[in-house]
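Here's the structure we're looking at; comments come further down.
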Amino acid sequence: MTYKAILFDMDGTVLDTLRDLNAAVCRALEEFGYPPQSLDETRRRVGNGSRRLLELSVPAGTDARELERMLAWYLPYYNAHANDTTAPYPGIPELLAALKAEGLPLAVVSNKPDRTVKELSEIHFPGLLDIAVGENEAAGVRRKPWPDTLLAAAAALGVEAGECLYAGDSEVDVLTAARAGMDCASVLWGFRSRAELEAAGAKQFFDTPEELGEYLRKARD
């Protein structure tokens, strides 16, 4: 199929954000008197937004009001430190530049707060993305696996959802793409294993950005 736009997840797909996420979660846990978590624990817990990440990081049965206080502390802290060590995966800037040169509209969508998504996109991919969309419930844009971010990006790009390919690294991305009516490209350089993605119903797998780029070029020939 020839796609008219390509949408990318952010964490684990275009940006390696794991160390900054882990550092922020550990600081929040420390601030509220809980033990820290390992990098691998954070890897397994990301993908469903900040609130869910913290829910999975605190002891079971933690009071909901405590969790809200923790979230209110975590969000501004993470936003201030979201780019301490974060960087694009090797080959991603080149992939985006090549797709942009071919005239394909490009977007990044994420469960991060909308402000953070836009800031990181501008820092790391200036001039390469047509739009960046994050969670913004105040504007009616809910986090994945609701399809809102994908549908908002497609609408802003002026294409039908079914004309887009969505690339992501998690089971949440597989489900979100299905709900949005988009094909999904599951990448294997991110935060989930092939087995986890297959269990979620993923069908197309890519080991490197170069492999994904070659697939898209062949689709356009």
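The values are calculated or read from the model by the stated rules, or taken from the named source; none is laboratory data. What you see is a predicted model; the values in this text were computed from it and never measured. FYI the Cβ positions are ideal-geometry reconstructions off the backbone, even for glycines, and counts take in every protein chain you see.
Summary table below
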{"quantity": "Every residue from the range 1-20 that is surrounded by fewer than 16 Cβ atoms within 10 Å (Cβ to Cβ) and outside any loop (DSSP other than H, G, I, E, B)", "calculated": "R19"}
{"quantity": "Among the candidates R69, R43, R52, residue that is assigned to a helix (DSSP H, G or I) and touching a residue at least 60 places away in the same chain (Cβ under 8 Å)", "calculated": "R43"}
{"quantity": "The range 116-133, residues that are surrounded by fewer than 18 Cβ atoms within 10 Å (Cβ to Cβ) and part of a helix (DSSP H, G or I)", "calculated": "E119, E122, I123"}
{"quantity": "Qualifying helices (runs of 4 or more DSSP H) (wholly inside the range 157-221; at least 2 residues being loosely packed, with under 15 Cβ neighbours inside 10 Å and modelled with pLDDT of 95 or more)", "calculated": "194-199, 209-220"}
{"quantity": "Exclusive hit being out of contact with any helix residue (DSSP H, G or I) (no Cβ under 6 Å at 6 or more places or on another chain), part of a helix (DSSP H, G or I) and either within 27 Å of D207 (Cβ to Cβ) or at pLDDT 95 or above (or both), set A23, A28", "calculated": "A23"}
{"quantity": "Those residues of the range 1-50 which are hydroxyl-bearing (S, T, Y) and within 29 Å of E94 (Cβ to Cβ), in sequence order", "calculated": "T2, Y3, T13, T17, T42"}
{"quantity": "Failed item in (1) under 24 Å from R220 (Cα atoms); (2) surrounded by fewer than 24 Cβ atoms within 10 Å (Cβ to Cβ), with P113 passing the rest", "calculated": "(1)"}
{"quantity": "Set V159, V172: member being within 11 Å of the chain's Cα centre (by Cα), over 21 Å from G91 (Cα atoms) and in contact (Cβ under 8 Å) with a residue 24 or more places away in the chain", "calculated": "V172"}
{"quantity": "The range 36-65 - residue that is under 18 Å from the mean Cα position of the chain (by Cα) and polar (S, T, N, Q) and, of those, nearest to R142 (Cα to Cα)", "calculated": "N48"}
